[in-house]
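In what follows, a single structure is set out as structure tokens and then discussed.
The values are calculated or read from the model by the stated rules, or taken from the named source; none is laboratory data. From a predicted model like this one, the values you see are computed outputs, not experimental measurements. Ideal geometry is used to build each Cβ from the backbone, glycine not excepted, and the neighbour counts take in all protein chains shown.
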Amino acid sequence: GGISHTHSTYATMFAQACKEIPCFGTTHADHFHGTIPVTRFLTSEEVEADYEGNTGSIVVERFAGMDPLSMPGILVAGHAPFAFGLTASESATNALVLERVAQMALGSLQLNPTLSELPVHILSKHFHRKHGPNAYYGQKK
């Protein structure tokens, strides 16, 4: 597998604001099955003991009960985004898409501050037609 860590502008803005990225549209839904989560802050003890290792630990903690294959990205509070994939190339692609959906989410909220998230039935349709055993959209691998 692969992990990509960036400090891309828009995703980092959400991470620094400690705000999850809501799914407002189908571009987001094509790649992330729901709201992109944000971790908690590291404690001072965690920073002093093993900053990098504990950053990984809070990512794992936040993913408890979630499927990382359906949510290949996360925001570390006060820090920046991390993206995942079955390969390094896939994780880099997910990092690029995460940045783009962060930009679109911010723009959408600026245009409509009371915007509601994409209805679940549309989100699930868009995600599952491209991912999983019954995927049918796009070119076959």
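See the values below:
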item	result
Checking residue 61 against (1) in contact with a strand residue (DSSP E or B) (Cβ under 7 Å, 6 or more places away or on another chain); (2) farther than 27 Å from residue 110 by Cα; (3) assigned to a helix (DSSP H, G or I), the condition it does not meet	(1)
Flag for residue 24 being surrounded by 18 or more Cβ atoms within 10 Å (Cβ to Cβ), in contact (Cβ under 8 Å) with a residue 60 or more places away in the chain, over 23 Å from residue 2 (Cβ atoms) and of a type in the set (Phe, Trp, Tyr)	yes
Meets criteria (without any contact (Cβ under 8 Å) to a residue 40 or more places away in the chain and either surrounded by 11 or more Cβ atoms within 10 Å (Cβ to Cβ) or on the phi > 0 side of the Ramachandran plot (or both)) for residue 93	yes
Search result, residues across segment 27-56 that are part of a loop (DSSP other than H, G, I, E, B) and either surrounded by fewer than 19 Cβ atoms within 10 Å (Cβ to Cβ) or of a type in the set (A, V, I, L, M, F, W, C) (or both)	32, 35, 37, 40, 41, 42, 43
Out of 70, 4, sole residue that is of a type outside the set (D, E, K, R), modelled with pLDDT under 95 and within 15 Å of the chain's Cα centre (by Cα)	70
Considering residues of segment 25-73 that are of a type outside the set (A, V, I, L, M) and in contact with an Asp or Glu (Cβ under 6 Å, 6 or more places away or on another chain) only, the residue farthest from residue 95 (Cα to Cα)	54
Contacts under 7 angstrom Cβ, first residue in segment 34-58 being in contact (Cβ under 8 Å) with a residue 40 or more places away in the chain and among the hydroxyl-bearing types (Ser, Thr, Tyr), partner surrounded by 13 or more Cβ atoms within 10 Å (Cβ to Cβ) and in a loop (DSSP other than H, G, I, E, B), 6 or more apart	35/20; 35/22; 35/23
From the options 23, 18, residue that is assigned to a loop (DSSP other than H, G, I, E, B) and either touching a His at 6+ places or on another chain (Cβ under 7 Å) or closer than 14 Å to residue 104 by Cβ (or both)	23
In segment 99-141, residue farthest from residue 20 (Cα to Cα) [restricted to those that are β-branched (Val, Ile, Thr) and part of a helix (DSSP H, G or I)]	122
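Residues are listed down the side, and each one gets a yes or a no for (1) over 16 Å from the mean Cα position of the chain (by Cα); (2) closer than 21 Å to residue 4 by Cβ:
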residue	(1), (2)
36	no, yes
41	yes, no
81	no, yes
92	no, yes
98	no, yes
114	yes, no
123	no, no
